[in-house]
1. Would you point out which residue out of A49, A3 is modelled with pLDDT under 95 and either open to solvent by less than 70 Å² (accessible area, probe 1.4 Å) or among the hydrophobic types (A, V, I, L, M, F, W, C) (or both)?
2. Identify all residues within segment 52-72 that are open to solvent by less than 70 Å² (accessible area, probe 1.4 Å) and on the phi < 0 side of the Ramachandran plot; write none if there are none.
3. Restricting to segment 40-67, and then to whatever is without any contact (Cβ under 8 Å) to a residue 40 or more places away in the chain and of a type in the set (A, V, I, L, M), can you tell me which residue is farthest from P30 (Cα to Cα)?
4. Regarding segment 73-80, can at least one residue be identified that is modelled with pLDDT of 95 or more, surrounded by 13 or more Cβ atoms within 10 Å (Cβ to Cβ) and in contact with a Phe, Trp or Tyr (Cβ under 8 Å, 6 or more places away or on another chain)?
5. Would you mind stating whether Q72 is part of a loop (DSSP other than H, G, I, E, B), touching a Leu at 6+ places or on another chain (Cβ under 8 Å) and touching a residue at least 24 places away in the same chain (Cβ under 8 Å)?
6. Does V85 qualify as being of a type in the set (A, V, I, L, M), in a helix (DSSP H, G or I) and open to solvent by less than 80 Å² (accessible area, probe 1.4 Å)?
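The values are calculated or read from the model by the stated rules, or taken from the named source; none is laboratory data. These figures come from a predicted structure and were not determined experimentally. With ideal geometry, Cβ positions are generated from the backbone for all residues, glycine too; neighbour counts draw on all protein chains shown. These accessible areas exclude ligands, DNA and RNA; they are computed on the full protein's heavy atoms, side chains included. Shrake-Rupley method; radii C 1.70, N 1.55, O 1.52, S 1.80 Å.
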Amino acid sequence: CSASANKPVLTLFTKKPCPLCDEAKEVLEPHKRRFILQEVDITLPENSAWYDKYKYDIPVFHLNGKFLMKHQVDIQKFEDELTKVELQND
């Protein structure tokens with residue numbers, strides 16, 4: 001099935017513990033078949049650039065490498081952007 005190859009990638013910049021990140025993932029749960037979730041732990045040494053950028057803002061989401069939202073999930077914005085990306089992939 002090649003459908004999964006075209007799924008948008010949602011990147012979550014996070015760290016442990018992150019109750020807001022857990023909350024955000026719960027909000028996104030009903031949509032999880034529509035994207036691939038990639039989590040980036042900003043406290044890891046190789047992610048220090050992201051740590052410097054986002055340490056006060058997590059959770060931060062990028063969709064296909066582009067900044068989407070931070071602090072909490074704006075479900076309307078998320079759905080709009082996800083649909084746009086899905087239409088581009090078809």
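1. Details: A49 fails: modelled with pLDDT under 95.
The conditions single out A3.
2. Looking only at segment 52-72, we keep the residues that are open to solvent by less than 70 Å² (accessible area, probe 1.4 Å), and these are 54-55, 57-63, 65, 68-69.
Correct list: Y54, K55, D57, I58, P59, V60, F61, H62, L63, L68, M69.
3. Filtering segment 40-67 for residues that are without any contact (Cβ under 8 Å) to a residue 40 or more places away in the chain and of a type in the set (A, V, I, L, M), the one farthest from P30 (Cα to Cα) comes out as A49.
4. Within segment 73-80 (the criterion being modelled with pLDDT of 95 or more, surrounded by 13 or more Cβ atoms within 10 Å (Cβ to Cβ) and in contact with a Phe, Trp or Tyr (Cβ under 8 Å, 6 or more places away or on another chain)), the answer is yes, since at least one residue qualifies.
5. Values: part of a loop (DSSP other than H, G, I, E, B): yes; touching a Leu at 6+ places or on another chain (Cβ under 8 Å): yes; touching a residue at least 24 places away in the same chain (Cβ under 8 Å): yes.
Yes; evaluated as a whole, the condition is true for this residue.
6. Values: of a type in the set (A, V, I, L, M): yes; in a helix (DSSP H, G or I): yes; open to solvent by less than 80 Å² (accessible area, probe 1.4 Å): yes.
Yes.
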